[in-house]
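Worksheet: the structure to be examined is printed underneath.
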Amino acid sequence: MVAHDDDRDVAETLKAGYGAPPPRRQFVEQTRMRLQQELQAAQASRRRLLRVWRHVAAAAVIVVAAGLAVVGFRGISCAPHETGTLPGPQVRSTPRQVPLRLQLPSPFFLCTNRLVHLTAHMEPYEPERPRQPLMVPRGTRNVALEKPVTCSDTVGPIVGDVAQINDGEKSGLDSSYVEFVPDGSQATWVQIDLEEPCAIHAIALWHSVWPTVFHDVIVQVSDDPAFRRGVRTLFNNDFDNSSGLGVGRDREYTEDYRGRLIDAAGVTARYVRLYSRGCIDGFFDRYVEVEVHGKPMGEATLEVPGSVPLDVEAPQPGTRDGVTTAPADFAVARPMNTWLVAQETRALPGPMPRSTPQDPRTALVPLRIRLPGAELIGTPKNIKPHAHLEKYTGKPRPPFMVPEGTANLARGKPVTASDPEPIVGELAYVTDGDKGSHDGCYVELMPGTQWIQIDLKQPCAIYAVLVWHYHAEFCVYHDVVVQVADDPDFIENVRTIYNNDFDNSSGLGVGKELEYIEDYRGRLIDAGGIKARYVRLYTKGSTSSNLNHYVEVEVHGKPAPKQVPLKTKLPVPVMS
């Protein structure tokens with residue numbers, strides 16, 4: 001009963017507060033009308049939003065179209081094609097000259113690698129800045145596609161195959177690049193044989209398609225597959241000569257999907273060689289694709305050599321707007337890890353050395369010297385300068401010209417010494433070709449004035465002697481004297497080609513040369529083409545120790561022609 005009373009109380013309370021519920025028919029009708037009104041309002045709102053979105057979309061299309069038109073005009077479109085229509089004054093192609101067209105891969109990253117730290121030797125990374133057009137003769141094409149490729153890594157790449165370097169695939173994905181492990185003492189190179197001399201107008205290079213920086217990027221061309229003669233350097237950003245090919249004028253750059261475009265200015269060559277020395281992400285050398293744009297000489301002779309678009313200032317040597325232009329003259333020759341000098345024969349700085357024959361019929365080439373890795377960089381701080389010590393600069397050596405065919409005659413030849421039982425090492429180390437400074441690469445002799453002697457096995461014309469005493473630390477060796485003779489006992493016909501014993505403490509005479517600070521480059525001594533069979537080198541301790549050391553000695557020259565009696569046919573004497 002109590003529950004029923006409670007229910008009645010609740011019903012009366014609801015009736016008093018809210019009124020009696022409407023009839024069912026009326027309630028349904030009211031609900032239907034309300035829902036229709038809400039639906040109509042929602043539809044009207046949707047129509048308004050659709051109209052707004054249509055206007056926004058139309059405006060966006062206009063903006064995007066305008067942007068694409070501007071970007072297309074600047075030469076970088078959203079599609080992976082580079083047409084050469086770039087900003088600035090309108091480029092007017094002549095009947096013979098057109099903008100170079102590059103097929104670009106899809107961009108992987110449009111950002112800056114956090115490992116890339118801008119230095120004085122690096123150009124700023126501006127992925128949105130367009131490249132200036134590069135005008136080339138009409139009909140220019142990629143003459144490197146699927147041509148033979150070789151490399152300096154005799155073991156072969158650790159990833160991929162060298163044929164992938166010019167197979168036309170530049171996506172950067174697996175199976176589209178090749179990767180090498182450098183040996184640490186020199187830069188790795190790859191070389192493309194174009195199979196015939198070509199007029200080369202541009203080289204496009206992709207090491208990677210995502211932002212990173214490769215070191216010591218050097219591009220050279222030649223008609224000699226061994227790159228000993230007629231070598232021309234088109235690009236070099238080795239700012240510290242760590243690869244031994246000279247200090248470059250170009251700057252390091254950040255890799256991305258656009259690659260690097262190098263202006264070759266119509267240079268004629270058959271072989272293209274590219275160097276690199278690891279990157280900021282590791283010590284690996286990588287190549288995705290290399291393109292060489294030009295024409296075979298049979299076709300190129302009818303074309304005008306490489307030019308510059310009208311109304312655009314001619315590019316200067318170096319890097320400009322992402323295009324690297326070939327310098328008009330060869331840069332400073334460069335010694336370090338791989339070769340002492342870049343093999344350029346037409347524009348070498350400095351006076352001609354004494355050892356170069358003055359006979360114009362003699363072909364002269366820069367002496368090629370393989371250098372060890374530089375373990376010490378900077379200015380020596382533990383050596384006090386004095387009047388008999390030359391100033392240490394660390395600058396590259398000028399090229400040293402020698403007759404063509406000059407070679408290291410001392411390699412593997414017998415070595416004797418005043419100390420027949422060295423403290424460390426063996427005498428054979430002196431001519432074994434290993435110039436490292438670690439154990440097993442050098443020989444250590446007793447204190448005092450000591451000498452080593454190399455028997456060339458025959459009389460030779462000697463143009464240069466190179467000596468590395470020890471380069472794991474900066475030091476100065478005293479009384480460095482180099483003599484040559486045809487007498488193994490050095491009693492007769494002894495000639496001195498170098499002597500820096502300023503006080504005659506070794507008893508071989510007062511020398512005119514200055515003492516010098518040892519480093520990885522060794523000492524290059526001009527022998528002037530002197531003829532001899534035996535070479536003897538003296539030292540008397542150093543600023544670091546009273547012991548004597550030799551890492552390597554090279555004697556560059558050519559075997560002397562054998563002397564034979566002149567045979568003359570005499571006439572029959574006539575008796576008077």
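The values are calculated or read from the model by the stated rules, or taken from the named source; none is laboratory data. Nothing here was measured: the structure is a model prediction, and the numbers come from that model. Counting neighbours? That spans all protein chains shown, and the Cβs are built from the backbone with ideal geometry, glycine included. Just so you know, the surface numbers come from the protein's heavy atoms only, side chains and all, with ligands and any DNA or RNA stripped out. Shrake-Rupley method; radii C 1.70, N 1.55, O 1.52, S 1.80 Å.
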Might you let me know whether region 435-445 holds any residue that is basic (Lys, Arg) and closer than 24 Å to residue 397 by Cα?
-> yes
Could you grab me the full set of residues in region 425-446 that are open to solvent by 50 Å² or more (accessible area, probe 1.4 Å) and either more than 35 Å from the chain's Cα centre (by Cα) or not assigned by TED's automatic domain parsing to the domain that holds residue 552 (or both)?
-> 426, 446
When only residues in region 427-461 that are among the acidic types (Asp, Glu) and modelled with pLDDT under 90 count, which is farthest from residue 370 (Cα to Cα)?
-> 439
All strands (runs of 3 or more DSSP E) inside region 141-223 with 3 or more residues being closer than 16 Å to residue 235 by Cβ and assigned by TED's automatic domain parsing to the domain that holds residue 262 = 188-206, 218-222
Going by the conditions given, is residue 510 surrounded by 19 or more Cβ atoms within 10 Å (Cβ to Cβ) and among the β-branched types (Val, Ile, Thr)?
-> no
Of these, 150, 140, which one is at pLDDT 75 or above, crowded, with 18+ Cβ neighbours inside 10 Å, polar (S, T, N, Q) and within 30 Å of residue 195 (Cβ to Cβ)?
-> 140
With the first residue restricted to region 273-284 and required to be more than 14 Å from residue 153 (Cα to Cα) and part of a strand (DSSP E or B), and the second required to be modelled with pLDDT of 85 or more and open to solvent by 20 Å² or more (accessible area, probe 1.4 Å), Cβ contacts under 7 Å at 6 or more apart or on different chains are 279/215
Considering each residue of region 511-546, count those that are under 11 Å from residue 467 (Cα atoms) and outside any strand (DSSP E or B), and give that number.
-> 5
Residues within region 410-424 that are acidic (Asp, Glu) and open to solvent by 60 Å² or more (accessible area, probe 1.4 Å), tallied | 1
Restricting to region 207-248, what's the tally of residues that are closer than 19 Å to residue 279 by Cα, small (Gly, Ala, Ser) and surrounded by fewer than 24 Cβ atoms within 10 Å (Cβ to Cβ)?
-> 2
Out of 486, 479, 526, which single residue is in the same structural domain as residue 372 (by TED's automatic domain parsing) and either modelled with pLDDT under 90 or farther than 30 Å from residue 405 by Cβ (or both)?
-> 479
Condition broken by residue 265, with the remaining ones in (1) more than 19 Å from residue 396 (Cβ to Cβ); (2) touching a strand residue (DSSP E or B) at 6+ places or on another chain (Cβ under 6 Å); (3) not in a loop (DSSP other than H, G, I, E, B) satisfied | (2)
Determine whether residue 407 is open to solvent by 20 Å² or more (accessible area, probe 1.4 Å), touching a Lys or Arg at 6+ places or on another chain (Cβ under 8 Å) and at pLDDT below 95.
-> yes
Name every residue in region 232-266 that is farther than 25 Å from residue 294 by Cβ, touching a Phe, Trp or Tyr at 6+ places or on another chain (Cβ under 9 Å) and of a type in the set (A, V, I, L, M, F, W, C), in order of residue number.
-> 247
Please work out if residue 550 is in the same structural domain as residue 373 (by TED's automatic domain parsing) and open to solvent by 10 Å² or more (accessible area, probe 1.4 Å).
-> no
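Quick one: is residue 162 closer than 18 Å to residue 103 by Cβ and in contact with a Cys (Cβ under 6 Å, 6 or more places away or on another chain)?
No, not satisfied.
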How do the strands (runs of 3 or more DSSP E) wholly within region 420-508 filter down when requiring 1 or more residues that are free of Cβ contacts under 8 Å to residues at least 40 places away in the same chain: which remain?
-> 495-499
